[in-house]
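Peer 1: Have a look at the structure that comes next, please.
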Protein chains: 2
Amino acid sequence: MSTDTNQEAREQLIDLAAEFYDQFEGGEIPSMSLPTRTKSNIEYDEEKGVWVYGDRTSRRSANSVRGAQKLLKAVYTIEFLADQLEEDRSSTLRELYYLSESWDNDNAQFNDQDESNQLIEDLEIVSEVTREDFHMRPEESGAKVMGPLHIREQTNRGERDIHCQLDVGQGGYQIPNNPDTIEFLDNDADFVLCVETGGMRDRLVENGFDADYDALIVHLGGQPARATRRLIRRLHDELELPVTVFADGDPWSYRIYGSVAYGSIKSAHLSEYLATPEAKYIGIQPADIVEYDLPTDPLSDSDINALESELSDPRFQTDYWEEQIELQLEIGKKAEQQSLAARGLDFVTDTYLPERLEAMGVL
Amino acid sequence: MSTDTNQEAREQLIDLAAEFYDQFEGGEIPSMSLPTRTKSNIEYDEEKGVWVYGDRTSRRSANSVRGAQKLLKAVYTIEFLADQLEEDRSSTLRELYYLSESWDNDNAQFNDQDESNQLIEDLEIVSEVTREDFHMRPEESGAKVMGPLHIREQTNRGERDIHCQLDVGQGGYQIPNNPDTIEFLDNDADFVLCVETGGMRDRLVENGFDADYDALIVHLGGQPARATRRLIRRLHDELELPVTVFADGDPWSYRIYGSVAYGSIKSAHLSEYLATPEAKYIGIQPADIVEYDLPTDPLSDSDINALESELSDPRFQTDYWEEQIELQLEIGKKAEQQSLAARGLDFVTDTYLPERLEAMGVL
């Protein structure tokens, strides 16, 4: 991690604490203002092409015991984070929660992990510094990359130059918790293909799809971690690669696509940093279920509810999604990406993906 | 994958089909005999030090429509696997299920994925060939290694030489689905440390524990995948490294230890291949909760039930486990491995692990 980024994040945090100090000095009751974090306060930012928080705010004030405790916890956490950055170290959200037990003021200790997680998100929003730049790690990263990309990663034991086909095993290159430690050296990639399931990721790698089509295969592993979404965004911005998402044909997978493309309500303050609005959905589309006559399962009640809720989700209010979701409700079926195997193990790489990528204008 | 292994697995499968053929020719109704797969038919094999199936068997016979269909499915699956090995390809369990839709005999098609998964397990048991040697991949592998180990992996695009500290990023080396494609070239390791959670794995890597103590840090990621257990077993057998398991202090984590050390009921036919009976449990032990005064949560009803069921599980009938489990039921508390952070972020690497490893005779 560059010392500059550490220094900048540290200053933003100390500015926050300084604000409380100034409020005290001016005889005011200290307080902190935050955007209201509900679905009704999410707006589409035309210019940036992502969903962001609207103008509604709520205020945390020390004018009650509860409010004062919240600000106290914030100050202790700011001190911990500032020290962590000074020492160029990092920790997990769970460690922060446990660590608070060692703080000298009982009132500053967290009651549960939700409270400390929430506070870190609040600090991200107010300071406009991301959790990664605070050096707070998630519990699991998980995702991996395979394809014609040569990177340099700054690890805590020095630089590592890694080619994501030639220098890795069948399992690929493991994305670190903070992908901003990666520098892109060189690449021969034509596009990014994000894949939901491990089984399909392994199929594409075995069939050599990344080599034949100069694709960067990024395994999402279900709902993608922030690190994965951040890397996808950087691949799009910095290498100008089209981004495509290949997932199961059900409402939960459309949400996975949605979190790659438009961000999530929980992290709307980070959409600009994590989301790739230009990402396109390859499939499985409901139209594919019909066209390729795929093996299916019937929609469950919760599938139907989820599809209906997507119809009213601002992120899915496009002609494409309305048509696909209505078709799916009509046929009452869903299909997994691995169901393409019913047409043979090579169908996905020889026929389905090339056809879809051509139709989408990526190939 | 070596062609020899493919050839051997293929022959074992064809022998199975040939047996049905001989039964037909001899005027017998074809049938297949399998060990009964229940807890009561699991025995401790003193010589091998692992739990294996006992002598009780059940017979699948074609003397009913249902039984005949089962054997038909087995024959179709054997043909598919034999072809797959001939072509040196692989597939997932889910792909097999979907692929059966393309088979010309409707009676051979699987009704659900449980059925095809079960059949693959049956074929493993009867043929004594592992699923990996059939080239059947799981959905997710997930685990990774960091430490002073230099390996050569045979990927489907050639050999890759990888040092698991010098040639990998912060995320480490991703274990492939079939770790028997790995050859151990060289190592400076003193022991293997298996770690349950990603957060703790990242802590140990950040603190340089693998470098300072010449440890191979293997991330388990919850209940470990077969690939991870197989690699651990090979590290123990071939490199003669002591294996230790570091997990949360609750009954579910003891089961994770149990699956590394003694195998599981589901895969008792593979214990000799997957389990490492010499693996030792580092902690979090119930005794640690008391000794280090760790932050805890109260045991839930399901925790208590799980602990009581462990007391009657043959795998946990040792003085050590009886003492620890009874202590835990008495104090009524559990603690996570990351709760060690309450003593500071370096406590685990500077104090806890060295003390425990010394007490266990590993350091």
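The values are calculated or read from the model by the stated rules, or taken from the named source; none is laboratory data. Please read these numbers as outputs of a predicted model, since none were measured by experiment. All Cβ positions, glycine included, derive from the backbone under ideal geometry; neighbour counts span all protein chains shown. For the accessible areas, the whole protein counts, side chains as well, though only heavy atoms, and no ligand, DNA or RNA atoms are used. Shrake-Rupley method; radii C 1.70, N 1.55, O 1.52, S 1.80 Å.
Peer 1: For label points placed 7 Å from Cα toward Cβ, what is the shortest-first list of nm distances from A:ARG157 to its copies?
Peer 2: Sorted ascending, the copy-to-copy spacings read 2.6 nm.
Peer 1: While we're on this one: Once Rh is set to the Kirkwood radius over Cα pairs, what Stokes-Einstein translational diffusion coefficient, in µm²/s, holds for region B:1-91 at a temperature of 4 °C and a viscosity of 1.567 mPa s?
Peer 2: On the way: Rh = 15.4 Å.
Calculated translational D: 84 µm²/s.
Peer 1: Please report how far the C-alpha centroid of region A:292-352 lies from that of region B:86-123, rounded to the nearest whole angstrom.
Peer 2: About 23 Å separates the Cα centre of region A:292-352 from the one of region B:86-123.
Peer 1: Using only the Cα atoms of region A:144-359, build the gyration tensor, take square roots of its eigenvalues as a ≥ b ≥ c, and label the shape rounded, prolate or oblate: rounded if a/c is under 1.5, else prolate if a/b is larger than b/c, else oblate.
Peer 2: Taking the square roots of the gyration eigenvalues as a ≥ b ≥ c, region A:144-359 is oblate.
Peer 1: Work out which residues of region A:332-354 lose at minimum 50 square angstrom of accessible surface when the other protein chains are put back, relative to the chain isolated, with a 1.4 angstrom probe, and list them by number.
Peer 2: Output list: A:GLU336, A:GLN338, A:ALA342, A:LEU345.
Peer 1: Summed for both chains, how many Å² of accessible area, to the nearest 100, are buried between B and A with a 1.4 Å probe?
Peer 2: 4600 Å²
Peer 1: In addition: Of the peptides A:338-344, B:306-312, how do they stack up when ordered by the mean number of other Cβ atoms within 10 Å, highest first?
Peer 2: Packing proxy ranking, top to bottom: A:338-344, B:306-312.
Peer 1: With Rg and the Kirkwood Rh both taken from Cα atoms, where does Rg over Rh land for region B:266-331?
Peer 2: We get a ratio of 1.02 for region B:266-331.
Peer 1: How high is the FRET efficiency between A:LEU327 and B:PHE24 when r is their beta carbon distance and R₀ equals 51 Å, given to the nearest 0.05? Don't skip to the answer; put the middle values down first.
Peer 2: Details: r = 49 Å, r/R0 = 0.96.
About 0.55, to the nearest 0.05.
Peer 1: Rounded to whole Å and sorted largest first, list the principal axis extents of the Cα atoms in chain B.
Peer 2: Answer, in whole Å and largest first: 71, 48, 37 Å.
Peer 1: Still on this structure, I have one more. As I understand it, the value is the acute angle between the Cα axis of helix A:301-311 and the longest principal axis of the Cα atoms of chain A; what does it come to in degrees, rounded to 10?
Peer 2: That works out to roughly 80 degrees.
Peer 1: What is the average number of partner chain Cβ atoms found within 10 Å of a Cβ in B:198-209?
Peer 2: Across B:198-209, the average partner-chain Cβ count within 10 Å equals 5.
Peer 1: Mean separation of Cα pairs under 8 Å and 6+ residues apart, divided by the residue count of chain A: what relative contact order is that in percent?
Peer 2: Relative contact order for chain A comes out at 13 percent.
Peer 1: Using each residue's phi in region B:238-247, evaluate 6.51 cos²θ - 1.76 cosθ + 1.60 at θ = phi - 60° and report the 3J(HN,Hα) Karplus result to the nearest Hz, with x for Gly and Pro.
Peer 2: 7, 9, 6, 9, x, 10, 10, 10, 10, 9
Peer 1: May I pose another question? Enumerate the calculated ³J(HN,Hα) couplings along region A:230-237 in order (Karplus 6.51 cos²θ - 1.76 cosθ + 1.60, θ = phi - 60°), each rounded to whole Hz, writing x wherever the residue is Gly or Pro.
Peer 2: Here the 3J(HN,Hα) series is 5, 5, 4, 4, 5, 4, 6, 5 Hz.
Peer 1: Now for a different question. Any chance you could check region A:89-110 for residues losing 40 Å² or more of accessible area when the partner protein chains are in, compared with the chain on its own (1.4 Å probe)?
Peer 2: A:ARG89, A:ARG94, A:GLU95, A:TYR98, A:LEU99
Peer 1: Sketch the reach of a paramagnetic label on B:PHE347 as a point 7 Å from Cα along Cα-to-Cβ, and name the residues of region A:88-105 whose backbone nitrogen lies under 20 Å away.
Peer 2: A:89-105
Peer 1: Mind checking which lysines have their C-alpha under 23 Å from A:LYS333, skipping anything on the same chain fewer than 8 residues away?
Peer 2: Of all the lysines, those that pass the test against A:LYS333 - Cα under 23 Å, at least 8 places apart if same chain - are A:LYS280.
Peer 1: Continuing with the same structure: Whenever you get a sec, compute what percent of the accessible area on the protein assembly as shown sits on carbon and sulfur atoms (1.4 Å probe).
Peer 2: On the way: 12820 of 29920 Å².
Whole-percent figure for carbon plus sulfur exposure: 43.
Peer 1: While we're looking at this one, here's another question. List, in the order given, every pair from A:LYS144/B:LYS70; A:LYS73/B:LYS144; A:LYS39/B:LYS144; A:LYS48/A:LYS70; B:LYS39/B:LYS70 whose Cα-Cα distance in the structure shown is over 28 Å.
Peer 2: Over 28 Å Cα-Cα: A:LYS144/B:LYS70; A:LYS73/B:LYS144; A:LYS39/B:LYS144; A:LYS48/A:LYS70.
Peer 1: Just to be sure I understand: chains A and B are related by a rotation, so which residue of A has its Cβ closest to that axis, and how close in Å?
Peer 2: Smallest Cβ distance to the axis, with its residue: A:GLN174, 3.
Peer 1: Might you tell me the accessible area per residue for region B:1-138, computed with a 1.4 Å probe and given in Å²?
Peer 2: Values: 7230 Å² over 138 residues.
On a per-residue basis, region B:1-138 sits at 52 Å².
Peer 1: Something else: Give the long-range amide H neighbours of A:ILE151: residues separated by 5 or more places, or on another chain, with amide H under 5 Å away, using H modelled in the peptide plane at 1.01 Å from N.
Peer 2: For A:ILE151, whose amide H was placed from the backbone, the distant partners under 5 Å are A:ILE162, A:HIS163, A:CYS164, A:LEU185.
Peer 1: What nm distances, shortest first, do you get from the label point of A:GLN118 to those in the other copies when the point sits 7 angstrom along Cα to Cβ?
Peer 2: 4.7
Peer 1: Please give the calculated 222 nm ellipticity per residue for the protein assembly as shown, where each DSSP H segment of at least 4 residues contributes -39500 (n - 2.57) and the sum is spread over every residue; nearest 500 deg cm²/dmol? Kindly include the intermediate steps, with their values, before the conclusion.
Peer 2: On the way: 26 runs with 294 residues, N = 726.
When only DSSP H runs of four or more count, the value is -12500 deg cm²/dmol.
Peer 1: Let me ask something additional. List, shortest first and in nm to one decimal, how far the label point of A:LYS266 (7 Å from Cα along Cα→Cβ) is from its counterparts in the other copies.
Peer 2: Once sorted, the set of distances for A:LYS266 reads 2.6 nm.
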